[in-house]
Amino acid sequence: MGRLVMKFGGTSVADLDRIRNAAEKVKREVDRGYDVAVVVSAMSGKTNELVGWVRSISPLYDAREYDAVVSSGENVTAGLMALTLQEMDVPARSWQGWQVPINTTDQHGSARFVSIPRANIDQKFAEGFKVAVVAGFQGLSPEGRITTLGRGGSDTTAVAFAAAFDAERCDIYTDVDGVYTTDPRITSRARKLPRIAFEEMLELASLGAKVLQTRSVELAMRYKVRLRVLSSFEDTDETSGTLVCDEDEIMESKVVSGVAYSRDEAKITLVTVEDRPGISAAIFQPLADAGVNVDMIVQNISEKDYEDHPGSVTDMTFSCPINQVERAKKAMEDARASGVIAYDELVVDDDVAKVSVIGSGMRSHSTPGATSSAPPEAGKVSPRG
């Protein structure tokens, strides 16, 4: 039939019983006639344990040795999955990143793909092997050292394999049964989407939805890799889960496909900043140099009295991850001390949440706003634009 990529996350391979369950799903696809590349994560909690060991021994660790240790979790899972499939009479072989090889840059801890040559795995498929079990999250640097791909690396590995091997589809098995319009733990009105466009999934991922990592969706969109998100804990068929695909495969996009939220952001306001050409660059360049990831930016008329300032002033507000607040404060305080910028007060508010409405159908929707039909006392918020 062709090639298929199946990726199993940490919760899907958390113990031997779950590995057997995942292997049954792989066998089912082999029985349908597919050659399968299985990409596996480390067992649930194992990567955090390995990271903890590294940091306990060396707080300022060598990134090369960090990668050598942390990548080992996936190697264990890949070997156990291959053994389990062999016990089911499925010809399978495990592959580590250097054996494929998965060629990456030498940026240890957050390496990026360079190439994935097909020759070695294609040869094994030609010899009669039906499954290649690949350790996700890892690759090989130009110097021949093991590298890791950073957060969501196993998802990204799976998508990269699907692109390299012209797979029919990349199935991402996780602990949820698809992509929902919003978090079902918050509202019972959340609905599972049968299909969603790459662009919409990328927005959801970047704005707080944790089903897929942004980097894997970006790669899938670039190479037109069809993704399917489905549960490893349920019986599945060809219609299960959510298909992430090109917008052309969806007959007509909904105005709103989903609502994402993030509670991990803080709002920082610089009060009474001098309003002059170049002030934005003077503020955000030090933040960039400090590695602060600025998300939203709002500039408005200052709440303070203008009479205390000889020229016009403004308030500049931006958001960033909560764990980067101290770094951002230091960058702004250093910039003020060196005379690059001037402001009266720096205000931090970490009791905020970002709510984002996503839908590619809004591009062609003729009405800029809509009014909720529920009365105000029902606790509904009118989404009027």
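Every number in this text was worked out from the coordinates using simple rules, so none of it is lab data. All of these numbers come straight from a predicted model, not from anything done at the bench. Cβ placement follows ideal geometry from the backbone for every residue including glycine, while neighbour counts extend to all protein chains displayed.
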### Query
Once fully extended, how much extra length lies between GLU234 and GLU168, figured as 0.36 nm per residue of separation less the alpha-carbon to alpha-carbon distance?
21.6 nm
### Query
Out of the DSSP beta bridges found with both residues in the chain, what percent are antiparallel (nearest 5)?
50
## Note on the structure
For the range 144-236 the GluC sites (Glu not before Pro) that pass both the DSSP coil test and the at-most-16 other-Cβ-within-10 Å test are GLU168, GLU234
### Task
Any aspartates and glutamates with Cα under 14 Å of the LYS124 Cα? List them, leaving off those in the same chain fewer than 8 positions away.
ASP35
### Neighbour-count ranking [beta-carbon atoms within 10 angstrom, fewest first] of SER141, SER188, SER154, SER338
SER188, SER338, SER141, SER154
### Residue-averaged 222 nm ellipticity for the chain, from DSSP H runs of 4+ at -39500 (n - 2.57), nearest 500
-9000 deg cm²/dmol
### Query
Once phi is turned into ³J(HN,Hα) by the Karplus curve 6.51 cos²θ - 1.76 cosθ + 1.60 with θ = phi - 60°, what whole-Hz value does each residue of the range 77-82 show in order, with x for glycine and proline?
4, 4, x, 5, 5, 5
#### Entry: 3J(HN,Hα) from dihedral phi, the range 11-17, Karplus parametrisation 6.51/-1.76/1.60, rounded to Hz, x for glycine, proline
5, 6, 10, 5, 8, 5, 5
### Query
Once Rh for the chain is found with the Kirkwood sum over Cα pairs, what is the Stokes-Einstein diffusion coefficient at 4 °C and 1.567 mPa s, in µm²/s?
55
### Task
Starting from the amide H of GLY150, placed 1.01 Å from N in the peptide plane, find each other amide H under 5 Å away whose residue is 5 or more places distant or on another chain.
ALA111
## Note on the structure
Among LYS130/LYS192; LYS7/LYS224; LYS267/LYS329, the pairs whose Cα-Cα distance exceeds 23 Å are LYS130/LYS192
### Query
At a Förster radius of 51 Å, what calculated FRET efficiency corresponds to the Cβ-Cβ distance of ILE301 and ILE186, to the nearest 0.05?
0.90
## Note on the structure
Quick note, the range 1-150: a/c under 1.5 would make it rounded; otherwise a/b > b/c is prolate and the rest oblate (a ≥ b ≥ c, C-alpha gyration tensor); here it is oblate
